[in-house]
Amino acid sequence: MPVETPVPDSDVALSKLSTAFAQTLAGRFPFVGPEQARGASDADPQDVRRFYRQLDEHRVAVMRTATPEVAAFLERMEAARPLLEAIARPAPVSVRLTYGANRAQEVGAEHIIDWSVRSGASAVGATANGGTLAWTPGQPVLLTARWAAGSPLRPKGAPAGGTAAATGDTITLAERGPWALLRLLKGHAPSSSRDGLLLRVALPTQTIEGQPVRDTVLVLGAAVSTGGRNELPARALDLPSRFPQR
């Protein structure tokens with residue numbers, strides 16, 4: 001009689017995935033909640049690739065007894081797979097940016113005369129009202145905004161440890177590390193729209209005399225794609241921060 005290959009035990013498979021996620025990804029960016037994102041250390045992109053390999057190895061066993069919470073976790077990881085694996089390889093990622101994507105949510109944006117987002121040799125900005133940024137994983141991403149000469153407002157620098165640097169009438173937000181683009185996208189209270197993500201970018205602001213005022217708020221539309229694929233759904237950035245309890 002032929003010897004049947006033993007089917008992995010569901011509990012064992014779940015335990016391996018839970019342990020791997022907890023030890024290498026949970027609590028590290030981008031696998032964190034919005035409150036922890038700014039101070040979280042980066043997950044190793046190669047740990048992400050290893051986790052996906054384990055996920056593929058144990059998927060059948062896990063799905064035999066998956067709770068709704070485990071199934072939802074797997075769905076979120078699958079939605080994010082094209083983006084996360086592109087970054088881990090690394091492979092270029094494109095993001096189409098649109099300025100003024102929701103004017104009703106903006107604050108003081110009429111004072112901004114120029115803006116740009118740059119990474120390496122790629123840049124988009126006010127001259128074309130946006131465009132598509134080509135990002136190579138590992139490169140910094142810089143968002144710059146400039147106040148109009150006649151505006152009574154000016155930028156101010158962020159507190160120590162922040163990402164904003166102000167000089168004269170210009171402020172630059174800089175994101176660095178292997179997940180720099182995701183830090184830009186996830187770090188500005190993204191919400192979903194019919195056209196993709198909406199980023200609410202708050203710029204520290206003061207009067208010319210240095211008096212505090214409300215932050216200037218810009219709203220950018222962002223649509224991400226990898227490897228010539230169609231634009232990814234907004235939920236591709238909705239990453240879990242922990243493995244669900246069984």
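The values are calculated or read from the model by the stated rules, or taken from the named source; none is laboratory data. Since the structure is predicted, the reported quantities are computational estimates derived from the model, not experimental observations. As a convention, Cβ positions derive from the backbone with ideal geometry for all residues, glycine included, and neighbour counts pool all protein chains shown. SASA here: full protein model, heavy atoms, side chains in, ligands and nucleic acids out. Shrake-Rupley method; radii C 1.70, N 1.55, O 1.52, S 1.80 Å.
Points worth noting:
- Filter result (of a type outside the set (Gly, Ala, Ser), open to solvent by 40 Å² or more (accessible area, probe 1.4 Å) and in contact with a helix residue (DSSP H, G or I) (Cβ under 9 Å, 6 or more places away or on another chain)) within the range 86-141: Arg89, Pro90, Pro92, Arg103, Ile113, Asp114, Gln139, Pro140
- Residues that are outside any strand (DSSP E or B) and among the aliphatic types (A, V, I, L, M) were ranked within the range 149-167; the one that is most open to solvent (accessible area, probe 1.4 Å) is Ala160.
- Residues considered: Ala104, Ala86, Ala26. Of these, the only one that is of a type in the set (A, V, I, L, M), on the phi < 0 side of the Ramachandran plot and assigned to a loop (DSSP other than H, G, I, E, B) is Ala26.
- Single unsatisfied condition, Val48 versus (1) in contact with a helix residue (DSSP H, G or I) (Cβ under 7 Å, 6 or more places away or on another chain); (2) at pLDDT 95 or above; (3) open to solvent by 10 Å² or more (accessible area, probe 1.4 Å): (3)
- Arg146 meets the conditions (1) open to solvent by 30 Å² or more (accessible area, probe 1.4 Å); (2) part of a loop (DSSP other than H, G, I, E, B); (3) in contact (Cβ under 8 Å) with a residue 24 or more places away in the chain; (4) over 30 Å from Val70 (Cα atoms) in every case but one. The failed one is (2).
- Boolean, Thr144 is polar (S, T, N, Q) and modelled with pLDDT under 95: no
- Condition check for Arg229: touching a Pro at 6+ places or on another chain (Cβ under 9 Å) and over 20 Å from Leu84 (Cα atoms): no
- Lone qualifier among Phe31, Phe21 - being in contact with a helix residue (DSSP H, G or I) (Cβ under 7 Å, 6 or more places away or on another chain), of a type outside the set (A, V, I, L, M) and under 28 Å from Ala189 (Cβ atoms): Phe21
- The lone criterion from (1) small (Gly, Ala, Ser); (2) farther than 24 Å from Val48 by Cα; (3) in a loop (DSSP other than H, G, I, E, B) left unmet by Ser192 is number (3).
- Pairs, first closer than 30 Å to Arg146 by Cβ and in a helix (DSSP H, G or I) in the range 217-246, second open to solvent by 80 Å² or more (accessible area, probe 1.4 Å) and of a type in the set (Gly, Ala, Ser), C-beta under 6 Å, six or more apart: Ala234/Ser192
- Subset of the range 29-67 (residues that are in a helix (DSSP H, G or I) and acidic (Asp, Glu)): Asp47, Asp56, Glu57
- Thr170 meets all of the listed conditions (1) under 19 Å from the mean Cα position of the chain (by Cα); (2) open to solvent by 30 Å² or more (accessible area, probe 1.4 Å); (3) hydroxyl-bearing (Ser, Thr, Tyr); (4) at pLDDT 95 or above but one, namely (1).
- Out of Gly157, Gly138, sole residue that is at positive phi, of a type outside the set (S, T, N, Q) and out of contact with any Phe, Trp or Tyr (no Cβ under 6 Å at 6 or more places or on another chain): Gly138
- Yes/no for Val70 being more than 24 Å from Leu197 (Cβ to Cβ), part of a helix (DSSP H, G or I) and open to solvent by 70 Å² or more (accessible area, probe 1.4 Å): no
- Taking the numbered list (1) within 19 Å of the chain's Cα centre (by Cα); (2) closer than 23 Å to Gly221 by Cα in turn, Arg103 passes all entries but (1).
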